Amino acid sequence: MILKKHHLRPVSLFASMIALSSLQTMHAEDGSAAWLRYAPVATAQYQAIPTQIVASSDSPIEHAAAEELQRGLNSMLGIHTEIAVQSAPAQSGAAIRLVLTPGTSPEALDSYTIDASTAGIRIAANTPQAELYGVFHLLELIGAEQPLPKHEQQTAAAGIRWTDEWDNMNGTIERGYAGPSIFFENGHVRQDLSRAGQYARLLASIGINGCNVNNVNADLDLLTPAHIREFARLAEAFRPWGVRLAMSIDLTSPQTVGGMSTFDPLDPSVATWWKEKVDEIYRAIPDFGGFTVKADSEGRKGPSQYGRSPADAANVLARALAPHRGVVLYRGFVYNNHLDWSDRKADRARAGVDNFARYDGTFEDNVIIQIKEGPIDFQAREPVSPLFAALRRTNVAIELQTAQEYTGQQRHMVWLPSMWHWVLDTDLHADDRSTPVKQIVTGHSFPLANGKPRRGGFVSVTNVGMEANWLHHPMAMANLYGFGKLAWNPDQLPAQIIDRWTRLTWGNNPEVVKLITTLQLESWQVYEGYTGPNGIGTLTNILGYHFGPGIESAERNGWGQWFRGEKDGIGMDRTANGTGYIQQYPPQLAAKYESLTTCPEDLLLFFHHVPYDYKLRNGKTLEQSIYDTHYSAAAQAGSYVARWQQLHGVVDDERYEQVLGLFRFQAGHAIVWRDAINNWFQRISQIPDGQGRVGQEAGRVEAEAIIGAGYEPVDVTPWETASGGKAVVCRNAEGCTLAYTFQQSSGTYDIAVQYFDIWRGVSRYELRRNGEVVATWQADDTLPPAQFDANPDGQTSTRFTANSIALQQGDKLELHAIPDLRSELQPGTSHKAAPGELESQSRVPRDYREYAPVDYIEVTPSVRKVK
């Protein structure tokens with residue numbers, strides 16, 4: 001019988017969050033709704049959908065499920081639905097019924113079924129969270145205009161489906177590219193947590209069940225009673241969506257918070273302190289998920305300080321969490337960042353197996369070793385970490401990175417699920433049988449641990465921010481969506497995932513779906529093509545912000561991301577005669593990597609040191625293949641602009657313009673990458689490009705070679721990040737001018753100006769033809785890492801292109817620029833906080849100076865738009 005109708009018990013923050021989210025659909029599209037836009041769809045196939053929603057209870061999660069279903073159906077189908085709650089399963093009349101059928105095991109994986117018939121729709125689930133996931137899946141099918149299933153069953157592949165957010169209590173985010181933290185500000189949890197609630201809703205919609213909200217480099221005072229009370233408010237915001245709060249903690253907490261003289265994990269008093277602290281957390285947060293730990297790595301203290309093992313440290317936490325069903329995710333990212341460059345046997349890639357394999361089988365049942373996908377650090381491509389195969393009696397989870405730290409920092413479009421799918425499908429051949437990574441992390445490859453079911457799963461370093469669309473680039477949200485889908489079912493194909501995301505995010509117009517899915521599916525290989533070749537690694541500035549090229553920053557230091565580019569050749573020798581790293585893989589895979597004839601060429605330079613004239617299987621030398629690949633990939637990235645312009649007027653203007661601007665930036669930055677890497681390879685190898693392009697770009701005139709009024713040349717460091725290794729700067733407040741006579745044949749041309757956009761400075765540029773102004777712009781972009789970088793280099797190099805300019809031979813071209821020479825804020829003044837900056841930081845006196853730096857001007861024939 002019906003107990004209540006359309007007036008379910010309110011949940012804290014839930015009603016206000018839904019109201020705010022509803023308003024999003026009434027305004028211009030800013031990306032905040034992500035894939036939950038609930039735009040109207042063709043309704044013919046959904047005419048029989050019942051208008052009554054019957055929930056089995058009004059618990060917080062089932063409440064959220066019922067109201068989400070109501071909101072989605074009303075918005076997409078233009079109908080009016082009502083909600084009822086019943087105490088018994090029987091109910092007359094057609095309805096959409098949400099049915100909870102709890103399983104017998106508390107460790108059972110979330111599972112739901114959807115059955116659609118003339119009698120209505122039934123969503124049955126074994127947990128309230130799974131019931132919510134079933135609702136979101138039904139809405140997703142409707143949003144993508146897919147048929148409703150007569151019967152469909154879905155079960156999560158693994159229990160751990162978490163995101164890690166590297167947020168700091170002061171509101172900054174390490175490796176965050178979309179503004180400040182949605183959780184913290186000024187040392188505290190934010191007062192307004194409506195956005196945190198919205199984020200939990202997004203996570204739940206793709207099956208994510210946990211969120212670790214703070215940086216793995218954890219604040220040392222995180223576990224104070226006051227902070228725990230504040231974190232409880234975050235847990236409350238997550239709770240209606242079935243997302244469990246987790247924390248990163250520092251192992252020194254018994255000292256830094258507890259005032260003890262030691263944090264030795266084998267000291268009984270330390271174990272007692274952790275037990276009491278965990279009990280305190282669960283009194284405040286009864287559904288707390290557990291801890292993530294980074295220790296003995298990159299300056300974080302760990303058990304090695306006392307001669308203890310990772311198992312000792314993880315287990316003391318695990319025993320405290322076990323009575324509450326909490327887990328420890330202990331990161332396998334432990335390595336020595338002071339390696340000896342001169343030691344040819346030294347190899348950072350070995351660290352995972354060297355540091356953890358010996359302890360296999362000694363970890364508690366609720367410890368999960370969180371392993372980065374590859375042995376180095378979220379590169380555009382690297383082999384799968386052998387630690388997955390080495391830990392056969394230990395729970396493991398894979399750590400992926402949605403935040404594009406080494407893959408363009410959400411200024412470049414890179415659809416990462418293509419790479420993740422490649423990683424998850426990699427077969428490590430442990431025990432001479434098929435053991436793909438996806439089967440290992442979901443606990444299917446190896447025997448049960450201590451007679452208990454294996455735990456494992458998927459973790460994504462995501463780092464959303466306060467920008468409206470969460471991840472800065474509208475296309476970057478596909479990475480978060482794709483992570484959730486692969487974490488739920490790693491067998492899903494990338495093409496299916498991106499098709500569904502595109503329909504939900506951009507609409508079902510076939511033209512839109514075809515173009516966006518095509519661009520996304522090719523984007524990983526395109527980015528890889530103009531950055532790191534043949535598995536060499538990122539070639540970014542690893543000593544800076546990991547954004548622009550800085551090739552030799554990886555060499556001759558202790559960080560171990562070496563590629564050993566030398567006169568005789570390039571690449572790390574990780575064979576049995578080199579560092580021996582390859583032998584950490586099971587024998588069948590090791591044999592494949594050890595041999596040059598069978599080693600995959602997209603990983604060649606990760607495993608082998610080879611000469612520049614080494615012949616690849618495509619018949620080209622390694623050197624020529626690198627040249628050709630970088631030119632073709634940069635050209636493909638350059639095509640994004642014209643291809644995207646086909647959707648002008650087809651998608652909403654706000655997101656169209658944002659994507660267009662980012663594609664224009666990517667097109668220019670891809671050329672920066674292309675030229676930096678090709679010029680560096682040509683200099684070190686002394687092998688010219690067989691097609692005569694490298695260092696001889698058609699239509700390019702170096703700024704330092706142009707007659708200039710006021711401009712002066714400067715060296716750029718590193719040299720390869722500027723054409724010819726130099727740029728020009730203007731120190732005259734009245735401005736400076738570069739002028740030269742156009743000597744090519746008459747026609748229609750694109751005029752590109754490669755300049756450097758220093759963060760905070762706002763130089764102004766004006767392009768003239770025979771004295772007539774044809775383009776003006778300001779260098780006011782906020783490039784990663786959203787903090788001051790005074791250097792013209794690969795991080796700040798930016799391109800402006802004036803398209804389709806009619807030029808006659810003999811025309812005079814001038815670039816006039818006015819620098820920004822402000823040095824600091826005057827007393828009593830302030831400056832509006834920029835994206836990624838806290839308001840309090842914006843009041844601090846800063847160096848603004850930007851000397852209108854220019855690299856070169858390039859004039860090339862205009863190309864027709866892609867049709």
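The values are calculated or read from the model by the stated rules, or taken from the named source; none is laboratory data. Bear in mind the structure is a predicted one, so any value in this text is a computation, not a measurement. When we count neighbours, we look across all protein chains shown, and the Cβ atoms used for this are built from the backbone with ideal geometry, even at glycine. Note: accessible area is taken over every heavy atom of the protein model, side chains too, but ligands, DNA and RNA are not part of it. Shrake-Rupley method; radii C 1.70, N 1.55, O 1.52, S 1.80 Å.
Against the conditions (1) over 30 Å from A156 (Cβ atoms); (2) of a type in the set (S, T, Y); (3) open to solvent by 10 Å² or more (accessible area, probe 1.4 Å), where does Y527 fall short? Just the number, please.
For Y527, the exception is condition (3).
Condition (residue is free of Cβ contacts under 8 Å to residues at least 60 places away in the same chain, surrounded by 15 or more Cβ atoms within 10 Å (Cβ to Cβ) and either aliphatic (A, V, I, L, M) or at positive phi (or both)) applied to region 619-629: is it met by at least one residue?
Scanning region 619-629 turns up no residue that is free of Cβ contacts under 8 Å to residues at least 60 places away in the same chain, surrounded by 15 or more Cβ atoms within 10 Å (Cβ to Cβ) and either aliphatic (A, V, I, L, M) or at positive phi (or both).
Looking at the structure I just gave you, is R768 within 33 Å of the chain's Cα centre (by Cα) and among the basic types (K, R)?
Judged against the criteria, R768 is not a match.
Against the condition in contact (Cβ under 8 Å) with a residue 24 or more places away in the chain and not in a loop (DSSP other than H, G, I, E, B), how does A733 come out, does it pass?
No; evaluated as a whole, the condition is false for this residue.
Which residues, counting only those in region 703-730, are at positive phi and in a loop (DSSP other than H, G, I, E, B)?
Of everything in region 703-730, just one residue is at positive phi and in a loop (DSSP other than H, G, I, E, B), namely G710.
Which condition does E68 not pass, out of (1) surrounded by 20 or more Cβ atoms within 10 Å (Cβ to Cβ); (2) in a loop (DSSP other than H, G, I, E, B); (3) among the acidic types (D, E), if it passes all the others?
All conditions are met except number (2).
Check region 366-380 and report whether any residue there is modelled with pLDDT of 95 or more, part of a loop (DSSP other than H, G, I, E, B) and more than 30 Å from A476 (Cβ to Cβ).
For region 366-380, residues modelled with pLDDT of 95 or more, part of a loop (DSSP other than H, G, I, E, B) and more than 30 Å from A476 (Cβ to Cβ): present.
If I ask for residues that are surrounded by 24 or more Cβ atoms within 10 Å (Cβ to Cβ) and either part of a helix (DSSP H, G or I) or small (G, A, S) (or both), which ones from region 180-195 would you list?
S181
Inside region 413-447, can you point out the residues that are aromatic (F, W, Y) and under 20 Å from the mean Cα position of the chain (by Cα)?
Correct list: W415, W420, W422.
With the condition kept exactly as written, say whether any residue in region 518-529 is under 22 Å from P40 (Cβ atoms) and free of Cβ contacts under 8 Å to residues at least 60 places away in the same chain.
For region 518-529, residues under 22 Å from P40 (Cβ atoms) and free of Cβ contacts under 8 Å to residues at least 60 places away in the same chain: absent.
Run down V99, V85 and say which single residue is buried (at least 16 other Cβ atoms within 10 Å of the Cβ), assigned to a strand (DSSP E or B) and modelled with pLDDT under 95.
After ruling out the rest, the residue left standing is V85.
Give the residue, chosen from W759, W777, that is of a type in the set (F, W, Y) and in a loop (DSSP other than H, G, I, E, B).
The unique qualifying residue is W759.
Could you list, ordered by first residue, the pairs with Cβ atoms under 9 Å in which the first is in region 320-347 and under 28 Å from R574 (Cβ atoms) and the second is among the small types (G, A, S) and open to solvent by 20 Å² or more (accessible area, probe 1.4 Å), at least 6 apart or interchain?
V334/S304; N337/G299
For residues that are surrounded by fewer than 20 Cβ atoms within 10 Å (Cβ to Cβ) and either touching a residue at least 40 places away in the same chain (Cβ under 8 Å) or of a type in the set (A, V, I, L, M, F, W, C) (or both), tally how many sit in region 110-123.
Qualifying residue count, region 110-123: 5.
Tell me which residues, restricted to region 243-255, are of a type in the set (S, T, N, Q) and either open to solvent by 10 Å² or more (accessible area, probe 1.4 Å) or farther than 30 Å from P60 by Cα (or both).
T252, S253, Q255, listed by residue number.
Output the qualifying pairs, or none if there are none: Cβ atoms under 7 angstrom, residues six or more apart or on different chains, first residue in region 492-514 and at negative phi and in a helix (DSSP H, G or I), second residue open to solvent by 40 Å² or more (accessible area, probe 1.4 Å) and β-branched (V, I, T).
E511/V650; V512/V650
Of all residues in region 346-365 being of a type in the set (G, A, S) and outside any loop (DSSP other than H, G, I, E, B), which is nearest to N557 (Cα to Cα)?
Across region 346-365, the extreme among qualifying residues is A349.
In this structure, does F665 turn out to be open to solvent by 10 Å² or more (accessible area, probe 1.4 Å) and over 25 Å from N508 (Cβ atoms)?
In short, yes.
As an exercise: evaluate N791 against (1) open to solvent by 50 Å² or more (accessible area, probe 1.4 Å); (2) assigned to a strand (DSSP E or B) and give the number of the one condition it does not meet.
Condition (2) is where N791 drops out.
Mind checking which residues of region 256-306 are hydroxyl-bearing (S, T, Y) and open to solvent by 30 Å² or more (accessible area, probe 1.4 Å)?
T256, S261, S269, T272, S304, Y306
Taking the criterion of being in contact (Cβ under 8 Å) with a residue 12 or more places away in the chain, touching an Asp or Glu at 6+ places or on another chain (Cβ under 7 Å) and either surrounded by 24 or more Cβ atoms within 10 Å (Cβ to Cβ) or of a type in the set (D, E, K, R) (or both), would at least one residue in region 481-491 satisfy it?
The answer is no, given that none of the residues of region 481-491 is in contact (Cβ under 8 Å) with a residue 12 or more places away in the chain, touching an Asp or Glu at 6+ places or on another chain (Cβ under 7 Å) and either surrounded by 24 or more Cβ atoms within 10 Å (Cβ to Cβ) or of a type in the set (D, E, K, R) (or both).
Going by the structure shown, is N336 open to solvent by 10 Å² or more (accessible area, probe 1.4 Å) and at pLDDT below 95?
Yes.
Find the helices (runs of 4 or more DSSP H) located wholly in region 578-690 whose residues include 3 or more that are modelled with pLDDT of 95 or more and touching a helix residue (DSSP H, G or I) at 6+ places or on another chain (Cβ under 6 Å), and list them.
The helices (runs of 4 or more DSSP H) meeting that bar are 587-594, 622-645, 653-685.
If a residue has to be out of contact with any Ser or Thr (no Cβ under 6 Å at 6 or more places or on another chain), in a loop (DSSP other than H, G, I, E, B) and open to solvent by 10 Å² or more (accessible area, probe 1.4 Å) to count, how many in region 208-236 make the cut?
5
Would you check if G537 is touching a Leu at 6+ places or on another chain (Cβ under 9 Å) and crowded, with 24+ Cβ neighbours inside 10 Å?
When the stated conditions are applied, G537 passes them.
Taking the criterion of being polar (S, T, N, Q) and closer than 20 Å to T362 by Cβ, would at least one residue in region 270-279 satisfy it?
No, the conditions are met nowhere in region 270-279.
Among the residues of region 483-531, which ones are under 19 Å from the mean Cα position of the chain (by Cα), more than 21 Å from Q636 (Cβ to Cβ) and small (G, A, S)?
G484, A487
Within region 714-757, count every residue that is of a type in the set (S, T, N, Q) and closer than 24 Å to L783 by Cβ.
Total meeting the criteria: 4.
Working carefully through the options A786, A834, find the one that is at pLDDT below 70, at negative phi and under 26 Å from the mean Cα position of the chain (by Cα).
A834
Taking the criterion of being touching a helix residue (DSSP H, G or I) at 6+ places or on another chain (Cβ under 9 Å), touching a residue at least 12 places away in the same chain (Cβ under 8 Å), among the hydroxyl-bearing types (S, T, Y) and assigned to a helix (DSSP H, G or I), would at least one residue in region 538-548 satisfy it?
No, because not a single residue in region 538-548 is touching a helix residue (DSSP H, G or I) at 6+ places or on another chain (Cβ under 9 Å), touching a residue at least 12 places away in the same chain (Cβ under 8 Å), among the hydroxyl-bearing types (S, T, Y) and assigned to a helix (DSSP H, G or I).
Out of (1) more than 21 Å from V316 (Cα to Cα); (2) surrounded by fewer than 24 Cβ atoms within 10 Å (Cβ to Cβ), what's the single condition that is false for F356?
(1)
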